[in-house]
Each structure stands twice: as C-alpha cells, then as structure tokens.
Amino acid sequence: MTNGGAMRAMTVITHRRPDETSAALERLVAQAAPAGVTLRFDDDETRKHHLTARPGVAVDAPLSDDVELCVVLGGDGTILRALQRYAGTDVPVFAVNFGEIGFLATVEPEEIDDGIRRALTGDFDLLRLPAIVLDTPAGTVQAINDVAIHRKAGERVAQLSYTLSGQEMGSVRCDGLVVATPAGSTGYNLANGGPVMAWGVEGFVVSFIAPHSLTARALVAAPGDLLTVQNRSREALDVSVDGRPVCEIAADGAIDARFAHDAGTIAQLPGSSFYRRLREKFGRLAR
C-alpha cells in the first residue's frame with residue numbers, strides 16, 4: 001500500500017564520499033523547504049557537506065526516531081547502517097544508490113528527480129525486512145543482511161559445528177560460516193554457493209565459507225529454529241554483523257542466533273518486484 005501524506009521531517013544519511021552525492025543532496029535540499037519538509041543532518045553529515053542552517057535544513061541535529069523517513073544517498077553498506085539505526089521503529093529507509101550494486105536501494109541516481117518527488121510526497125510502498133538476532137557477550141544485536149563467523153587473518157582453518165533446535169546439522173573444517181536473511185542471501189551467502197531466498201520468504205540460510213569438505217551444503221532453516229554455532233577450533237573466531245565486527249567466539253565457545261520478523265522497513269517503488277530487482281542488479285553484472 002502506498003504511504004500517502006506529506007512528510008514532516010526526514011533524516012538524511014550519506015556515504016563517506018561527499019563529492020559523489022553533493023549534486024543529489026543540493027537537489028534534495030532545494031526541494032525540501034517548498035514541500036514543507038525539514039531535513040535533519042547530524043554532526044557528521046553537517047561537517048561532511050559543510051552545511052549551514054536555513055529553511056528546510058536542520059544542522060547538528062541528533063539522529064531521532066521522531067521523523068517520518070530516512071533518506072540515504074549511498075550504497076548497500078550505508079543503507080544497512082540506516083536500517084540498523086531505525087530497526088524496531090516505523091521509520092522507513094528511502095535510498096538512492098551511490099554504491100556498486102545497491103540491491104537494497106529504492107531508486108538509481110538517474111532517477112533522482114523522480115525519487116526526490118516520491119520521497120517528499122510519500123509516493124512509495126513499504127516492505128518490512130526480517131533480521132537475525134545474535135546473542136553476544138555485550139547484548140543482542142540484529143543483522144538485516146547477515147552474520148559472518150570467520151577465522152582471524154593468518155590463523156589456521158576453523159572447525160565449526162552448528163545445531164538447529166538442538167540437533168547437530170554439521171561439523172566442518174572451513175574458513176567460516178554465514179547466517180543470512182532473505183535480503184542478505186544475495187551477498188556473502190551467494191558467494192558461498194548458498195541459495196537466493198526471495199524477499200517475503202520466512203526463514204534464514206546457513207552456509208559455509210570455503211569448506212574443506214565435498215559434502216558441506218547450505219541449509220535453509222525455519223523461522224522458529226534456534227541456531228547455535230560452536231567454535232571447535234583452537235583459536236577465537238571473529239563475528240561480524242552486516243559487515244561490521246561485533247565480537248569474538250572463544251575456542252570451545254558458542255553463540256546463538258534466531259530469526260526476527262519485521263525488523264526494518266525499506267521504501268520501494270510501487271509495482272517493484274524482487275525478481276526484477278535480482279535480474280537488473282545481477283543480470284547487469286553478468287553481461
């Protein structure tokens with residue numbers, strides 16, 4: 001269903017190369033105030049783009065849940081950062097792709113004018129994304145794309161096993177293991193030879209990184225399954241969530257993960273299709 005109604009306030013998050021997004025940002029700023037929209041930029045964004053306060057622009061504004069949209073100018077990493085920030089809220093992320101692939105993006109740079117209009121007027125559909133909830137020593141964290149457990153650089157091959165709902169499903173010498181959501185199945189998991197899961201599928205996929213086995217296979221787990229990964233290596237292993245390091249698993253240690261519904265929300269154009277997105281993004285790379 002299209003999210004009708006004018007926007008009151010928006011957060012803006014951009015990637016770390018401001019020269020690539022400056023023209024698009026100027027267009028967004030120019031159209032925001034006439035539309036009755038205030039764009040909020042935190043300290044980092046304010047400094048990055050040398051912004052000053054004016055109608056439609058709030059500078060040095062702390063990130064807040066009291067906005068109706070988060071506009072991202074960047075690639076999948078920046079989009080994931082925004083989705084992480086607004087996970088568990090009703091704030092959707094509307095992204096213009098300035099990355100290599102931009103699988104999670106709403107529009108491409110060549111569609112910027114139409115994209116700005118849609119963002120300012122609320123002319124988009126909403127798609128709720130699930131997450132993988134990981135229990136770490138520092139507390140729980142959520143992965144919108146994937147959790148990667150891998151050996152440290154220069155260390156020997158890892159020995160990993162995993163159980164689903166108490167049943168051991170595999171024990172493999174490998175470089176690591178990836179747990180991916182449907183949205184993340186086209187990333188690290190795909191590079192491992194794991195299956196692509198369409199958006200809307202409930203469940204997650206477990207795949208090994210460079211397994212030293214002819215029989216190791218990826219497995220799609222049900223949304224209610226509790227996943228436990230045990231490190232049977234002699235050394236600690238690194239754990240990353242959506243590409244960012246979060247903790248370690250000690251030798252003989254374990255970590256639990258589970259599926260969570262409706263963690264983040266992305267904006268997409270009316271009539272968008274996962275399969276069209278898949279063909280356009282990855283078919284383009286294959287040519």
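The values are calculated or read from the model by the stated rules, or taken from the named source; none is laboratory data. Every value quoted in this text rests on a predicted model; they were computed, and no experiment measured them. All Cβ positions, even for glycine, are placed from backbone atoms using ideal geometry, and neighbour counts span all protein chains on display. Note: accessible area is taken over every heavy atom of the protein model, side chains too, but ligands, DNA and RNA are not part of it. Shrake-Rupley method; radii C 1.70, N 1.55, O 1.52, S 1.80 Å.
Details
- Within region 14-73: Cβ-based charge dipole about Cα centre, in debye rounded to nearest 20 (Lys, Arg +1; Asp, Glu -1): 240
- Treating each Cα of region 184-241 as an identical point scatterer and summing with the Debye formula, the log10 of I(q)/I(0) at q = 0.23 Å⁻¹ comes to -1.14.
- Normalised per residue, the volume of the convex hull around the Cα set of region 85-188 (Å³): 152
- Computed over the Cα atoms of region 23-67, the ratio of the radius of gyration to the Kirkwood radius (Rg/Rh) comes to 0.94.
- Residue-wise HN-Hα couplings along region 221-237, as the Karplus relation 6.51 cos²θ - 1.76 cosθ + 1.60 with θ = phi - 60° gives them from phi, are 9, 6, x, x, 6, 8, 9, 10, 10, 10, 8, 9, 7, 7, 10, 5, 10 Hz; Gly and Pro carry x.
- Lys/Arg +1, Asp/Glu -1 at C-beta; the chain dipole; positive extreme among 198, 211, 28: 211
- Look at where the Cα atoms of region 7-84 and of region 225-256 average out, and the two centres are 35 Å apart.
- Charge dipole of the chain about the Cα centre (unit charges at C-beta), most positive-ward option of 147, 176, 94: 176
- Here the chain is treated as a sphere whose radius is the Kirkwood value from Cα pairs; by Stokes-Einstein at 25 °C and 0.890 mPa s it diffuses with a coefficient of 123 µm²/s.
- A simple charge model with +1 on the Cβ of Lys and Arg, -1 on the Cβ of Asp and Glu and nothing else charged puts the dipole of region 1-147 at about 320 debye relative to its Cα centre.
- Interatomic Cα distance distribution for region 135-287, bins of 5 angstrom, percent: 2, 9, 18, 22, 21, 13, 8, 5, 2, 0, 0
- Rolling a 1.4 Å probe over the protein heavy atoms gives region 170-287 an accessible area of 48 Å² per residue.
- Using C-alpha pairs under 8 Å with a sequence gap of at least 6, the mean separation divided by the residue count of the chain gives a relative contact order of 19 percent.
- For the chain, with all protein chains in place and a probe radius of 1.4 Å, 50% of the accessible heavy-atom surface sits on carbon or sulfur.
- Sites residue 112 and residue 167, calculated FRET efficiency, Cβ-Cβ separation with R0 51 Å, nearest 0.05: 0.55
- Of 77, 134, 115, farthest towards positive along the dipole that unit charges on Lys, Arg, Asp, Glu beta carbons give region 63-151: 134
- In this structure, the amide hydrogen of residue 61, modeled 1.01 Å from its nitrogen in the peptide plane, lies closer than 5 angstrom to those of 41, 42, 43, counting only residues at least 5 positions away or on a different chain.
- When region 1-125 is reduced to its Cα atoms, the Kirkwood hydrodynamic radius in Å: 14.2
- Derived value for region 41-86: Kirkwood hydrodynamic radius 11.6 Å. Basis is the mean of 1/r over every pair of different alpha-carbon atoms.
- When +1 charges are put on Lys and Arg Cβ atoms and -1 charges on Asp and Glu Cβ atoms, the dipole computed for the chain relative to its Cα centre reaches about 600 debye.
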